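Student: Provided herewith is a single structure, encoded as structure tokens, for subsequent inquiry.
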Amino acid sequence: MIRNLVFLILLTSSFLKAQSDMTKGFGLLEKGDFQEAELFFGDYLKTDPNNKTALLCYGRAVGLSGEPQKSTGLFADLLKDYPGDFEILINYNESYLWAKEYEQAKPLYADLVEKFPTKFGAVLGYANTLSNLKEYELALSWVEKAIALDPENASAKVSRKFMRLGYANQFVNNQQYGKGEQTLKKIFEDFPEDKDVLINLANLYLIIKEADKAKDIYVRYATTPKDSITALNGIALAEHIDENDKEALIISKTATVKVDKIDDIKLTESTYDRYVQALIWNRKFISARNKIDSLEVHYPNKNWILALKATLGLYTGDAKSSVESYDRILVNDSASFDGNLGKANALFASDKILPAYFMANQTLKFYENQKDAKGFIEKLNLMHTPTIEEHAAYTFDNGNNVAFFTNTTVDVPFSTKFRTTVSYFFRTTENSVTDNKATSHVLLAGLQYKLFPKTVLKTVLGLNNSRFLDDAYTQPVLDIKLDMQPFKLQNLTLGYQREVQSFNAELIEREIVQNHYGLNYNLGTNVNFGWYTQLMHTQQSDDNVRNLLFTSLYYNVLRKPALKMGVNFQYITFKDQVPTIYFSPEVYKAVELFADIRGNISEKTTYMASAATGIQQVEDDAKTAIFRAEASVQRQFSKRFSLNVYGKYSNIASATAAGFEFTEIGLKAKWLFLSKPLFHKKLNLD
């Protein structure tokens, strides 16, 4: 563009006789040596201070060497001597573009093209001004007018390319991916296999998770040794999106071997960045940590190194260190996308919800309509939006008991720390042999308060009204729990619960109240193993006492689908044995192997299935085989409504208070009955 304008000046100048003396200066402008050009024309004007061509060239050199406001003043002074002169006007307008004052330039160019509608420089300048203001649709219409004036002009076609790139990016940011793809592909008409277009297309396909298309584009991009390394880095990410993490690591490792043979710092950084990411994806945390440490020696305080440390922290349950790493990134660059949204995710992992909201909103201030930031805020909103959940089920067992129950729960979060629940439970049960019938009505109100991040106190109070034959009683029920994470990857729950047995009519009639004192502990690791333990001491109103130990050692075999396998051990004792009333052995032991799998059937449909089998022994009786299984399918019909259908079976003796083999078929529906959290306006996110 600079060359064309200089050429335009030289052609139209009325001072052609002076050109031979200024040839060197023209050459300096053409080459981009603006400071030297400024000195040259400054010296020239000492001998010929009124030379229009020299004054124009001097003004351009001043503006393009970093003083655009000064050049604006110089051109304004020239206009006093040459009012309405096109050459001066177009340079005057362009000086606003150099200063990035596009709003001021827009009306000036609009006036210029009205006066000189056939001047190529004016029309193209107006198009570029509109493009800088991100008014891409209008900019493209004007660049087409410029090309119509000069169909072979390379500068106009380059401008059109970058307008289309910007327009496509705007479409992508607004999740209009089809239009973004079409706009990018149009650029190939002027620039076949253009590298900028290929990279943008690949990124678009990665965003919409069309990994195969992205990989095809990267193959087209890899036409040079350096570009092939960039392509390998992109293909590794595509493999990760396609859930082929092992392949991603192999490809990324290949890229590091290639980049070590090339002297390109930026490419080396991006390649090793992807390699460490691939190590983390494959849960090779020790290797990733060692590689980060070695890279940090060569690249101290680099944002990409800090981002890797933060990512490793999130994967290994050390969210606190991740927040610290993202803070260091933001010190280096307050507008960093990785720093802002990364910190939002780390704060969320630290259970600091309000600060997470703030950081996600901060990201949107820098990156308007950014998909991931908007999705993150939406996720937080959905977690804190009031809900109604309905659970209905039908059960039957080999003790001739059948039952039906419904449980309606309303959950209302008033803030990110405090929420309430109200639930109504109704159960009717009948024994086909004894003709005993009973019903239970349980009304509960719950309060949940987050004392500290990852430390939540849950309290549920209510009444249980049970009716059988011509009699009835009402008992208070209570459930208090303290959920906490004392250390990373560890969860601990301490609790007390007062409940009334309501599994069948006989138990309801006896009005047996249970007081449970419990402890649940789960230990996770970064090597896929986990250990869960439950201890419970129960005191009953019939003076019986139960002690229960359940412990499970498990291994996460796969991440997608999530497959977990392990071994369970259960040990139960009762002080008194009353087998005619309910299952109450002196000693009960069970060992079983289990498997649990969870995954996606489609984008909005998920499934889970679990099964366990083993042996159990009641006191000194012979050991018997046990089997239990559960399966469910959940459909997310919208962001606010989901439906879950499930079924389960068990013949384990301790599965119910009565020791029966039983089957249950049920349905769960969840509806977010408001569109946003009650406290949404207080967040000032709109």
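Student: Identify all residues within region 134-145 that are open to solvent by 40 Å² or more (accessible area, probe 1.4 Å) and on the phi < 0 side of the Ramachandran plot; write none if there are none.
Tutor: If the condition is that a residue be open to solvent by 40 Å² or more (accessible area, probe 1.4 Å) and on the phi < 0 side of the Ramachandran plot, then 135, 137, 138, 141, 142, 144, 145 are the ones that fit.
Student: Considering every residue within region 653-668, establish whether at least one is touching a His at 6+ places or on another chain (Cβ under 7 Å), surrounded by 14 or more Cβ atoms within 10 Å (Cβ to Cβ) and at pLDDT 95 or above.
Tutor: Yes, because at least one residue in region 653-668 is touching a His at 6+ places or on another chain (Cβ under 7 Å), surrounded by 14 or more Cβ atoms within 10 Å (Cβ to Cβ) and at pLDDT 95 or above.
Student: Looking at residue 584 and the list (1) more than 22 Å from residue 394 (Cα to Cα); (2) open to solvent by 50 Å² or more (accessible area, probe 1.4 Å); (3) touching a Phe, Trp or Tyr at 6+ places or on another chain (Cβ under 8 Å), which single condition is not satisfied?
Tutor: (2)
Student: Continuing with the same structure: If a residue has to be of a type in the set (Gly, Ala, Ser), modelled with pLDDT of 90 or more and not in a helix (DSSP H, G or I) to count, how many in region 82-125 make the cut?
Tutor: Number of matching residues: 1.
Student: Restricting to region 588-627, count the residues that are among the hydrophobic types (A, V, I, L, M, F, W, C) and without any contact (Cβ under 8 Å) to a residue 24 or more places away in the chain.
Tutor: Of the residues in that region, 4 qualify.
Student: Restricting to region 332-350, name every residue that is open to solvent by 40 Å² or more (accessible area, probe 1.4 Å), closer than 21 Å to residue 203 by Cα and out of contact with any Phe, Trp or Tyr (no Cβ under 7 Å at 6 or more places or on another chain).
Tutor: 338
Student: Quick one: is residue 442 hydrophobic (A, V, I, L, M, F, W, C) and closer than 30 Å to residue 682 by Cβ?
Tutor: For residue 442, the condition - hydrophobic (A, V, I, L, M, F, W, C) and closer than 30 Å to residue 682 by Cβ - is not met.
Student: Still on this structure, I have one more. Taking the condition of being closer than 30 Å to residue 664 by Cβ, assigned to a loop (DSSP other than H, G, I, E, B) and open to solvent by 40 Å² or more (accessible area, probe 1.4 Å), how many residues in region 351-394 meet it?
Tutor: 0
Student: Return the residue satisfying two criteria in turn: it lies in region 58-81 and is out of contact with any Phe, Trp or Tyr (no Cβ under 6 Å at 6 or more places or on another chain) and outside any helix (DSSP H, G or I), and of such residues it is most open to solvent (accessible area, probe 1.4 Å).
Tutor: Among residues in region 58-81 that are out of contact with any Phe, Trp or Tyr (no Cβ under 6 Å at 6 or more places or on another chain) and outside any helix (DSSP H, G or I), the one most open to solvent (accessible area, probe 1.4 Å) is 67.
Student: Going by the structure shown, is residue 431 open to solvent by less than 30 Å² (accessible area, probe 1.4 Å), over 35 Å from the mean Cα position of the chain (by Cα) and either over 17 Å from residue 512 (Cα atoms) or without any contact (Cβ under 8 Å) to a residue 24 or more places away in the chain (or both)?
Tutor: It is true that residue 431 is open to solvent by less than 30 Å² (accessible area, probe 1.4 Å), over 35 Å from the mean Cα position of the chain (by Cα) and either over 17 Å from residue 512 (Cα atoms) or without any contact (Cβ under 8 Å) to a residue 24 or more places away in the chain (or both).
Student: Let me ask something else. Looking at 329, 305, which is the one that is of a type in the set (A, V, I, L, M), at pLDDT 95 or above, closer than 18 Å to residue 271 by Cα and open to solvent by less than 60 Å² (accessible area, probe 1.4 Å)?
Tutor: 305
Student: Look through region 408-425, keep the residues that are under 17 Å from residue 478 (Cα atoms) and open to solvent by 50 Å² or more (accessible area, probe 1.4 Å), and return whichever of them is nearest to the chain's Cα centre (by Cα).
Tutor: Result: 422.
Student: Which condition does residue 335 not pass, out of (1) of a type outside the set (Ser, Thr, Tyr); (2) part of a helix (DSSP H, G or I); (3) farther than 27 Å from residue 486 by Cα, if it passes all the others?
Tutor: Among (1) of a type outside the set (Ser, Thr, Tyr); (2) part of a helix (DSSP H, G or I); (3) farther than 27 Å from residue 486 by Cα, residue 335 violates only (2).
Student: Moving on to the next point. Looking at residue 235, is it open to solvent by 80 Å² or more (accessible area, probe 1.4 Å), assigned to a helix (DSSP H, G or I), at pLDDT 95 or above and not acidic (Asp, Glu)?
Tutor: no
Student: Now, a different point. Which members of region 669-686 meet the condition of being modelled with pLDDT of 95 or more and either in contact with a Gly (Cβ under 7 Å, 6 or more places away or on another chain) or open to solvent by 80 Å² or more (accessible area, probe 1.4 Å) (or both)?
Tutor: Scanning region 669-686 gives 670, 671.
Student: Kindly indicate whether any position in region 107-119 is open to solvent by less than 20 Å² (accessible area, probe 1.4 Å) and under 21 Å from residue 28 (Cα atoms).
Tutor: No, region 107-119 contains no residue that is open to solvent by less than 20 Å² (accessible area, probe 1.4 Å) and under 21 Å from residue 28 (Cα atoms).
Student: Please identify the pairs in which a residue from region 83-98 that is open to solvent by less than 20 Å² (accessible area, probe 1.4 Å) has its Cβ atom under 7 Å from the Cβ atom of a residue that is not in a helix (DSSP H, G or I) and not acidic (Asp, Glu), counting only partners at least 6 apart or on another chain.
Tutor: From region 83-98, the pairs are 88/82.
Student: Give the number of residues within region 45-78 that are of a type outside the set (Phe, Trp, Tyr) and under 52 Å from the mean Cα position of the chain (by Cα).
Tutor: 18
Student: Shifting gears a bit: Looking at (1) farther than 30 Å from residue 680 by Cβ; (2) modelled with pLDDT of 95 or more, which one does residue 413 not meet, given that it meets all the others?
Tutor: The single condition residue 413 does not satisfy is (1).
Student: Please report, ordered by residue number, the helices (runs of 4 or more DSSP H) entirely within region 129-213 with at least 3 residues that are under 31 Å from the mean Cα position of the chain (by Cα).
Tutor: Fully inside region 129-213 and qualifying: 154-173, 177-186, 195-207.
The values are calculated or read from the model by the stated rules, or taken from the named source; none is laboratory data. Because the structure is a prediction, the values reported are computed rather than measured. All Cβ positions, glycine included, derive from the backbone under ideal geometry; neighbour counts span all protein chains shown. To get the accessible areas, we keep the full protein, side chains included, count just its heavy atoms, and leave off ligands, DNA and RNA. Shrake-Rupley method; radii C 1.70, N 1.55, O 1.52, S 1.80 Å.
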